[in-house]
Amino acid sequence: MPDKAPSPAAKTLSAPQKALIKLGLKRDIDLALHLPLRYEDETRIVKLRDAREGDTAQIEATVTACEITQRPRRQLLVTVDDGSDTCVMRFFSFYPSHQKALAVGNRIRARGEVKGGFMGLTMMHPTFKAAGGNLAEALTPVYPTVAGLAQAYLRRAVITGLNHADLSETMPQGIAWPDPRGAWSLRDALRFLHHPTPDVSLAALEDRSHPAWVRLKCEELLAQQLSQLTAKRERDLLRAPGLKMKRGALHDQLLKALPFALTNAQQRVGREIAQDLSRPVPMHRLLQGDVGAGKTVVAALAAMVAIDAGWQCALMAPTEILATQHFAKLVGWLEPLGVKVAWLIGSQKKKERAAMLALIESGEAALVVGTHAVIQEHVKFKNLALAIIDEQHRFGVAQRLALRGKMQAPGMEPHMLMMTATPIPRTLAMSYYADLDVSVIDELPPGRTPIVTRVVSDHRRDEVVERIGAQLQQGRQVYWVCPLIEESEALDLTNATETHADLSEALPGVMVGLLHSRMPVAEKKAVMELFTAGVMGVLVSTTVIEVGVDVPNASLMVIEHAERFGLSQLHQLRGRVGRGAAASACVLLYGTPEGGRLSETARERLRAMVETNDGFEIARRDLEIRGPGEFLGARQSGAPLLRFADLETDSHLLDWARALAPQMLDQHAFLAERHIGRWLGGKSEYLKA
Ligand code: ADP
Ligand code: MG
């Protein structure tokens, strides 16, 4: 039977129907592929004697005592006996109806997690009803759900979906499975996973090593690889201007003019990019390099290749500060070579913006640097050929698409270079970024000294301020970053303002600056200029400086309430120092709520920061702590995340899917298309960006 048509007008839907849509469960097949998180065993009655600690058990027993105690807190204590042993049930919240149903002498059927212990077996808040009645024939699935969608409703919906969905095979006949146990049919695997027979090993279901799970994970990974490969192949059919290097032209002139020599890694990625640019197919390359690795100069050199060939280049950065800084740096490098650089930011004066727009449209400005302002509709390029996105993870799909749309030549796409300081662990790169080419700068410029990181309690703030004094004495500069309070930008600001006042008072004779996102641009610019010039000793800021700011003389970074930041963000912030030859340090100040302790994940993050400076290791741990969904951020907005496969434990399945995908596209294009449609529905659009 065909899949259900998309939902009718939203207002005619019931609350649970809306909740289904929220979960992405629109088609029969979506419901069929919505697999249980876990199961409850309601197929049998367990004797208390046989119940194992930690098991969720269903028992039938007679109530032998039922009383309310006040200590250690008010609770209902019910003792039951099933002939094999006794068990105490505790209820912290209860009503008179509980006492009635659990009166001494009643026989009940109860389900709950069994705990052992000094006082014998206990269950906390078990569910219960009168004894007797039918037992379930299969394990009861418990599905991932959202508020307003009851398990019972969801179970019925899934059964309907499972019965109506087209579950015919999309796997080519005779393929070799990565795991011989993968050879279940899709139909059998799904039926089994929704309603497993009670004799199955719950452990194999829960850790997803059961053959039915293996089958589903294979399918899911294959769908992901197929969709990415399709996107890549579609892109390879597009045209872009082939930009050939010209000896002795701007590219070489810039190289010569730089005050430093490129590292080997920079040279290598430069060649990889130049190679791509020379082909008449749009480049789609991700440039990874730890903070401070020197991505900007690589981008500038790529821009020179495009400009040498007679085309324009755009560089888009996520914040005004960063765009401004890139602009200043690029003007410094390029104007002496006669290259006109334009810039566009949101808060620019009308007149200046008009002038810039004219320069861009006439082609007089060969390079355009800016924020999102670059992709505004009224910005017209004369002949854009290369689009560079800095800190690409801060941009969404739509923004990348918009930048690509700035190419005017009919039937052509610009080359894209996306840069990121957040390295992507290998398994993630192979799965979520399989459609991109990746270049890695795996070497820092010489002469950097490693940053020493310390975790310090907020109570010892005074010592930190003393340390700032010592750094300033040596002519160094200091960043002080104030906490991120997600709920309230206003609170962020108060905090930064207070810290600014405190430090100004504690450090007489030192210029202490303040930077936050609500300041007028001119003021921000003035503050950054004073800091860059070395006039300002201390810069207090909210997280606006997070990305890309480059002041090599700064050698101390203090991060207040470091426990509130994510790991990658902490690493990025820390990367603002350690850019010069001086020994640099990062102090992670943490505060704990009155008498409280840091959460386990907060401690893990701070520990990781102390233990390593290596961006790849940080990324790996961040992925471990947060999981791929959050880690991937903007790239994944609206994109299908893997739901079943786990990139760490299933990497052999990923390898299998990667190998099979090209073969399947070549030999079974029709099956491949059906497979993608089944698994991803309309969700593969994002890959176009
Ligand atoms: P990121 O990769 O974090 O964007 P930047 O491009 O801002 O790093 O570079 C960090 C600093 O290192 C800048 O001051 C830059 O001029 C400098 N730099 C880049 N490459 C080299 C090099 N090969 N040798 C010395 N300094 C370099
Ligand atoms: Mg940068």
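The values are calculated or read from the model by the stated rules, or taken from the named source; none is laboratory data. All values reported here derive from a predicted model rather than from experimental measurement. Every residue, glycine among them, receives a Cβ derived from its backbone with ideal geometry; neighbour counts consider all protein chains shown. Accessible surface areas use protein heavy atoms only, side chains included; no ligands, DNA or RNA. Shrake-Rupley method; radii C 1.70, N 1.55, O 1.52, S 1.80 Å.
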Please quote Rg/Rh for the range 44-130 to two decimal places, taking the Kirkwood radius as Rh and restricting both calculations to Cα atoms.
0.93
Relative contact order for the chain: what percent, with Cα pairs under 8 Å and sequence separation of 6 or more?
13 percent
For D252, solvent-accessible area (1.4 Å; no DNA, RNA or ligand), Å²:
30 Å²
Summarise the accessible area of the range 300-369 (1.4 Å probe, protein heavy atoms) by the percent that is carbon and sulfur.
60 percent
If R0 is 35 Å, what FRET efficiency do you get for A101 and L37 from their C-beta distance, rounded to 0.05?
0.75
Checking a compactness column here: for the chain, what do you get for Rg(Cα) / (2.2 N^0.38 Å), N being the number of residues?
1.16
Starting from the Cα-Cα distance between A526 and I68, subtract it from 0.36 nm times their residue separation and give me the gain in nm to one decimal.
158.0 nm
Summed residue charge, Cβ within 11 Å of I345's Cβ, Lys/Arg positive, Asp/Glu negative:
+2
Want the number for F92 to R597: 0.36 nm per residue separation, take away the alpha-carbon distance, what's left?
179.2 nm
Please give the helix 651-667 orientation as an angle from the longest Cα principal axis of the chain, in degrees from 0 to 90, rounded to the nearest 10.
70 degrees
The correct ranking of C66, C313 by accessible area at 1.4 Å, largest first, is C66, C313
What distance in nm separates the two pseudo spin-label positions at V200 and R674, each 7 Å out from Cα along the beta-carbon direction?
2.5 nm
Tell me which residues come under 5 Å, amide H to amide H, from W480 once H is placed; ignore anything under 5 positions away on its chain.
L539, V540, S541, V558
Hey, can you find the accessible area per residue of the chain for me, probe 1.4 Å, expressed in square angstrom?
45 Å²
Q266 neighbourhood, Cβ < 9 Å, K/R = +1, D/E = -1, net charge +1
Hey, which lysines would be in cross-link range of K100, C-alpha to C-alpha under 20 Å, not counting anything within fewer than 8 residues on its own chain?
K129
Scalar couplings 3J(HN,Hα) for the range 123-129 by Karplus 6.51 cos²θ - 1.76 cosθ + 1.60 (θ = phi - 60°), nearest whole Hz, x for Gly and Pro, are 9, 9, 6, x, 8, 8, 8
Could you list, in their original order, any pairs among K350/K406; K47/K217; K232/K380; K246/K524 whose Cα atoms are separated by more than 31 Å?
K47/K217; K246/K524
Efficiency by 1/(1 + (r/R0)^6): what FRET value for S362 and K232, r their Cβ-Cβ distance, R0 = 35 Å, to the nearest 0.05?
0.50
Partner aspartates and glutamates for K329 [C-alpha distance under 20 Å; skip if fewer than 8 residues away on the same chain]
D252, D290, D308, E320, E352, E364, D390, E391, E523, E529, E546, D550
Percent antiparallel among DSSP beta bridges confined to the chain, nearest 5, equals 35 percent
Applying 1/(1 + (r/R0)^6) with R0 = 41 Å to the Cβ-Cβ distance of A183 and R271, what FRET efficiency is obtained, to the nearest 0.05?
0.35
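Taking every DSSP beta bridge that has both residues in the range 44-130, what percent is antiparallel when rounded to the nearest 5?
About 85 percent, rounded to the nearest 5.
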Taking Cα atoms, how many degrees apart are the long axis of helix 350-362 and the longest axis of the chain, rounded to 10 and kept between 0 and 90?
80 degrees
Most to least accessible of I441, I159, I175 (protein chains only, probe 1.4 Å)
I159, I175, I441
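What is the percent carbon and sulfur in the accessible area of the range 451-612, measuring with a 1.4 Å probe over the protein chains and ignoring ligands? Intermediate results must be reported in sequence, preceding the final value.
Numbers: 3530 of 7040 Å².
Within the range 451-612, the accessible surface is 50 percent carbon and sulfur.
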Whole-Hz Karplus ³J(HN,Hα) for the range 101-117, in order, using 6.51 cos²θ - 1.76 cosθ + 1.60 and θ = phi - 60°, x for Gly and Pro?
5, 10, 5, 3, x, 5, 9, 10, 10, 10, 10, x, 7, 8, 10, x, x
Mean ellipticity per residue at 222 nm, deg cm²/dmol - from DSSP H runs of n ≥ 4 across the chain, formula -39500 (n - 2.57):
-12000 deg cm²/dmol
Can you tell me the orientation of helix 295-308 relative to the chain, as the angle in degrees between its alpha-carbon axis and the longest Cα principal axis, to the nearest 10?
60 degrees
Cα-projected label distance for Q408 with V456, points at 7 Å along beta-carbon direction, nm
5.6 nm
Need one number: nm distance between label points at D614 and A150, each 7 Å from Cα along Cα→Cβ, rounded to one decimal.
5.4 nm
What does a probe at D437 reach in the range 205-230, counting residues whose amide N is under 19 Å from the point 7 Å along Cα→Cβ?
228-230
